[in-house]
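Novice: So that we are looking at the same thing, I have put the structure below in structure tokens.
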Amino acid sequence: MSTHSSGDRKGSDSTSGAAPDTTAPSNTMWGGRFTTAPSEVMERINASIDVDRRFYAQDIRASQAHAAMLAECGILTQDDNTAIQDGLERIRQEIEAGEFTFSAALEDIHMNVESRLRELIGEAAGRLHTARSRNDQVATDFRLWVRDTIDALDALLADLQAALLDQADAETETVMPGYTHLQAAQPVTFAHHLLAYVEMLGRDRGRFADCRKRLNESPLGAAALAGTGFPIDREMTARALGFERPMANSLDAVSDRDFAVEFLAAASLLGVHLSRFSEEIVIWCSEGFRFIQLSDAFTTGSSIMPQKKNPDAAELVRAKAGRLVGALNALLIVMKGLPLAYGKDMQEDKEPVFEAADTLALALSATTGMVRDMKADRERMRAATTKGYLTATDLADWLVRVLNLPFRDAHHVTGALVARAEADGRDLAELSLAEMQAVEPRITEDIYEVLTVERSVASRRSQGGTAPERVREAIAAARERFLS
């Protein structure tokens, strides 16, 4: 079966309340215009029910709001509205109970629901489509679905932030190498490292919130592309569906998919952040590091090498970014050459969004699980800070602060001392005072006070720095900003 989504096509743009002719040999939605049935291949490429059945709840909800508005405006009788409301509610229950039979011949979720509604309540079902088109119907359903999905993803993002903050709380004094170019650079706390991802995820939540705000306008009532001649109340349906306002232009309302592209853009960047973190988990679990351990719950073994314990959950999350970026590219390419208003190309808009949402939900859950599961090896992290001359910057800063050397001169002196220590495999603190004074005669014994990792970390007290006191403040502030 082809996996596409729905919308009106040539011959289907009527907004009248006429019921479909279910006995016609042609497609039941436009049997009056067509005299023969579509080919089997046409039915397969045209059908979208395998995909768009996912927003059955949004479709039913929007139809209920539309019917209530039609009755309020005197376009439907209250009896018809009551029958429609009851029938739609029964269909919802049937779908949720797994008792609803979906038909590919009816193409999409809209016509599957409407066909079943006609079976349940008869002629009144045909009046539901008055003053709307499947073009504004699908646009409304899709916005509702993306909005609901953003809310669900935001909760998962908050859970991941909470997991990172809980780990950070336990590791505010744990020192480890900080890296640039994957080369040991300066000592930091493990908590400080984890908080960097809390901030990234906070921006991801902000991007989804921005997307939600922009998509929260109602297309319903735009009909096929030009609006409708019926005296409808678009403000009423917008309010009923939780939208801030109706969309201002009927052409834009049915053809806009900016919200889906923006959702995928935010999803792609979140995927990149999750991938970067997963890469660090893979590195930290590797033999050369062993900074953390993951339990059997988030690792796998080898079919041939019994000693192996592989961080497969992290590797798979790392790979998911490719799916998300691919989904964004796919929809951008679909949309880039489309004139106004609706084109059947737009039936391809749902699948990448649905797949991205599923991918993100799984990746977020897996990442949260790994964060809560991982155990830091504090001794190995501390031991790693003895390599790579991580306190070299502290030495240079001391020369500036105490001897008033220009930083560039201090940088040169420090580089010479590193070279001397490196020549015979010693740490900077293992150089004698005489050796240091041979490079810079004014150095005193006080220099050794800044050459410990703990002193280095504690000295980074600038706002946003890695000093434990600052990190504890940052954890509290992050809980307030993101989780309160």
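The values are calculated or read from the model by the stated rules, or taken from the named source; none is laboratory data. Because the structure is a prediction, the values reported are computed rather than measured. Neighbour counts are summed over all protein chains in view; Cβ atoms, including those assigned to glycine, are modelled from backbone coordinates with ideal geometry. In case anyone asks, the SASA skips ligands and DNA or RNA and just uses the protein heavy atoms, side chains included. Shrake-Rupley method; radii C 1.70, N 1.55, O 1.52, S 1.80 Å.
Novice: Residues to consider are Phe277, Phe243, Phe230; find the one that is at pLDDT 95 or above, open to solvent by less than 30 Å² (accessible area, probe 1.4 Å) and more than 30 Å from Ala314 (Cα to Cα).
Specialist: Of Phe277, Phe243, Phe230, the one residue that is at pLDDT 95 or above, open to solvent by less than 30 Å² (accessible area, probe 1.4 Å) and more than 30 Å from Ala314 (Cα to Cα) is Phe243.
Novice: Before we move on, is Asp409 closer than 13 Å to Ala392 by Cα and among the acidic types (Asp, Glu)?
Specialist: Numbers: closer than 13 Å to Ala392 by Cα: no; among the acidic types (Asp, Glu): yes.
The answer is no for Asp409.
Novice: Looking only at segment 71-94, which residues are within 17 Å of Ile121 (Cα to Cα) and aliphatic (A, V, I, L, M)? Write out each step before concluding.
Specialist: Our first condition is that a residue be within 17 Å of Ile121 (Cα to Cα); within segment 71-94, this holds for 71, 76-94.
Within segment 71-94, Ala71, Leu76, Ala83, Ile84, Leu88, Ile91 qualify.
Yes/no per residue for (1) open to solvent by less than 70 Å² (accessible area, probe 1.4 Å); (2) of a type in the set (S, T, N, Q); (3) in contact with a Ser or Thr (Cβ under 6 Å, 6 or more places away or on another chain); (4) modelled with pLDDT of 95 or more:
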position	(1), (2), (3), (4)
Leu328	yes, no, yes, yes
Thr368	yes, yes, no, yes
Val371	yes, no, no, yes
Glu379	no, no, no, yes
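Novice: Collect the residues in segment 381-404 that are of a type in the set (A, V, I, L, M) and surrounded by fewer than 19 Cβ atoms within 10 Å (Cβ to Cβ), keeping them in residue-number order. So that I can check it myself, show each step before the final result.
Specialist: Restricting attention to segment 381-404, the residues satisfying the condition of being of a type in the set (A, V, I, L, M) are 381, 383-384, 390, 392, 395-396, 399-400, 402-403.
Within segment 381-404, Ala383, Val400, Val402, Leu403 qualify.
Each row is one residue, and each column tells you yes or no for (1) closer than 30 Å to Asp358 by Cα; (2) touching a residue at least 12 places away in the same chain (Cβ under 8 Å); (3) not charged (D, E, K, R).
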{"position": "Thr77", "(1), (2), (3)": "no, no, yes"}
{"position": "Thr82", "(1), (2), (3)": "no, no, yes"}
{"position": "Arg92", "(1), (2), (3)": "yes, yes, no"}
{"position": "Phe102", "(1), (2), (3)": "yes, yes, yes"}
{"position": "Glu119", "(1), (2), (3)": "no, no, no"}
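Novice: Glu454 - would you say it is within 17 Å of Ala185 (Cα to Cα) and either of a type in the set (Val, Ile, Thr) or in contact with an Asp or Glu (Cβ under 9 Å, 6 or more places away or on another chain) (or both)? Lay out the reasoning, then the answer.
Specialist: Working: within 17 Å of Ala185 (Cα to Cα): yes; either of a type in the set (Val, Ile, Thr) or in contact with an Asp or Glu (Cβ under 9 Å, 6 or more places away or on another chain) (or both): yes.
For Glu454, the condition - within 17 Å of Ala185 (Cα to Cα) and either of a type in the set (Val, Ile, Thr) or in contact with an Asp or Glu (Cβ under 9 Å, 6 or more places away or on another chain) (or both) - is met.
Novice: What are the residues in segment 105-124 that are open to solvent by less than 10 Å² (accessible area, probe 1.4 Å) and among the polar types (S, T, N, Q), if any?
Specialist: Asn112
Novice: Here is a further query. Report yes if Thr466 is surrounded by 17 or more Cβ atoms within 10 Å (Cβ to Cβ) and within 30 Å of Glu199 (Cα to Cα), otherwise no. Spell out the reasoning first.
Specialist: On the way: surrounded by 17 or more Cβ atoms within 10 Å (Cβ to Cβ): yes; within 30 Å of Glu199 (Cα to Cα): yes.
The answer is yes for Thr466.
Novice: List the residue pairs whose Cβ atoms are under 7 Å apart, where the first residue sits in segment 45-67 and is in a helix (DSSP H, G or I), the second is polar (S, T, N, Q) and surrounded by 23 or more Cβ atoms within 10 Å (Cβ to Cβ), and the two are 6 or more positions apart or on different chains.
Specialist: What qualifies is Ile49/Asn112; Val51/Ser5; Asp52/Ser5; Asp52/Ser6; Ala62/Gln137; Ala62/Thr140; Ala65/Thr237; His66/Thr237.
Novice: Could you please let me know if Ala438 is surrounded by fewer than 12 Cβ atoms within 10 Å (Cβ to Cβ), of a type outside the set (Phe, Trp, Tyr) and either at pLDDT 95 or above or farther than 20 Å from His192 by Cβ (or both)? Working first, answer last.
Specialist: Details: surrounded by fewer than 12 Cβ atoms within 10 Å (Cβ to Cβ): no; of a type outside the set (Phe, Trp, Tyr): yes; either at pLDDT 95 or above or farther than 20 Å from His192 by Cβ (or both): yes.
For Ala438, the condition - surrounded by fewer than 12 Cβ atoms within 10 Å (Cβ to Cβ), of a type outside the set (Phe, Trp, Tyr) and either at pLDDT 95 or above or farther than 20 Å from His192 by Cβ (or both) - is not met.
A quick yes/no check of all residues on (1) free of Cβ contacts under 8 Å to residues at least 40 places away in the same chain; (2) crowded, with 16+ Cβ neighbours inside 10 Å; (3) more than 30 Å from Ile109 (Cα to Cα):
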| position | (1), (2), (3) |
| --- | --- |
| Cys285 | yes, yes, yes |
| Met305 | yes, no, yes |
| Arg318 | no, yes, yes |
| Leu332 | no, no, no |
| Lys336 | yes, no, no |
| Gln347 | no, yes, no |
| Phe354 | no, yes, no |
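Novice: Working carefully through the options Glu114, Glu119, Glu99, find the one that is part of a helix (DSSP H, G or I) and farther than 24 Å from Gly242 by Cβ. It would help to see each step written out before you state the result.
Specialist: On the way: Glu114 fails: farther than 24 Å from Gly242 by Cβ; Glu99 fails: part of a helix (DSSP H, G or I).
Exactly one of Glu114, Glu119, Glu99 is part of a helix (DSSP H, G or I) and farther than 24 Å from Gly242 by Cβ, namely Glu119.
Novice: What helices (runs of 4 or more DSSP H) completely inside segment 196-315 contain at least 3 residues that are within 21 Å of the chain's Cα centre (by Cα) and of a type in the set (A, V, I, L, M)?
Specialist: Numbers: elements: 234-240, 250-255, 258-285.
The helices (runs of 4 or more DSSP H) meeting that bar are 258-285.
Novice: Now for a separate question. Here are Asp59, Asp86: which of them is open to solvent by less than 40 Å² (accessible area, probe 1.4 Å) and either in contact with a strand residue (DSSP E or B) (Cβ under 8 Å, 6 or more places away or on another chain) or among the charged types (D, E, K, R) (or both)? Talk me through it step by step, then tell me what you get.
Specialist: Values: Asp86 fails: open to solvent by less than 40 Å² (accessible area, probe 1.4 Å).
Result of the check over Asp59, Asp86: Asp59.
Novice: Can you pull out every residue in segment 68-102 that is among the hydrophobic types (A, V, I, L, M, F, W, C) and in contact with a Lys or Arg (Cβ under 9 Å, 6 or more places away or on another chain)? Full working, then the answer.
Specialist: From segment 68-102, those among the hydrophobic types (A, V, I, L, M, F, W, C) are 68-71, 73, 75-76, 83-84, 88, 91, 95, 97, 100, 102; that's our starting set.
Across segment 68-102, the qualifying residues are Met69, Leu70, Ile75, Leu76, Ile84, Leu88, Ile91, Ile95, Phe100, Phe102.
Novice: Between a residue in segment 409-423 that is over 13 Å from Glu435 (Cα atoms) and free of Cβ contacts under 8 Å to residues at least 40 places away in the same chain and any residue that is among the aliphatic types (A, V, I, L, M) and buried (at least 18 other Cβ atoms within 10 Å of the Cβ), which pairs come within a Cβ distance under 7 Å, given they are 6 or more apart or on different chains?
Specialist: Ala410/Ala396; Ala410/Leu399; His411/Ala396
Novice: Within segment 144-177, track down each residue that is in contact with an Asp or Glu (Cβ under 8 Å, 6 or more places away or on another chain) and assigned to a helix (DSSP H, G or I).
Specialist: First pass over segment 144-177, keeping only residues in contact with an Asp or Glu (Cβ under 8 Å, 6 or more places away or on another chain): 157, 175.
Passing the criteria: only Leu157.
Novice: Report whether or not Asp427 is open to solvent by less than 40 Å² (accessible area, probe 1.4 Å), within 30 Å of Ile281 (Cβ to Cβ), in contact with a Ser or Thr (Cβ under 7 Å, 6 or more places away or on another chain) and at pLDDT below 95. Explain how you work it out, then say what you get.
Specialist: Details: open to solvent by less than 40 Å² (accessible area, probe 1.4 Å): no; within 30 Å of Ile281 (Cβ to Cβ): yes; in contact with a Ser or Thr (Cβ under 7 Å, 6 or more places away or on another chain): yes; at pLDDT below 95: yes.
Against the criterion (open to solvent by less than 40 Å² (accessible area, probe 1.4 Å), within 30 Å of Ile281 (Cβ to Cβ), in contact with a Ser or Thr (Cβ under 7 Å, 6 or more places away or on another chain) and at pLDDT below 95), Asp427 does not qualify.
Novice: Only one of these is at pLDDT 95 or above and closer than 27 Å to Leu340 by Cα: Ala62, Ala97. Name it.
Specialist: Working: Ala97 fails: closer than 27 Å to Leu340 by Cα.
Within the list Ala62, Ala97, the selection yields Ala62.
Novice: Quickly run through segment 159-173 and pick out the residues that are under 14 Å from Ala366 (Cα atoms) and either of a type in the set (Val, Ile, Thr) or touching a Ser or Thr at 6+ places or on another chain (Cβ under 8 Å) (or both).
Specialist: Asp159, Leu160, Ala163
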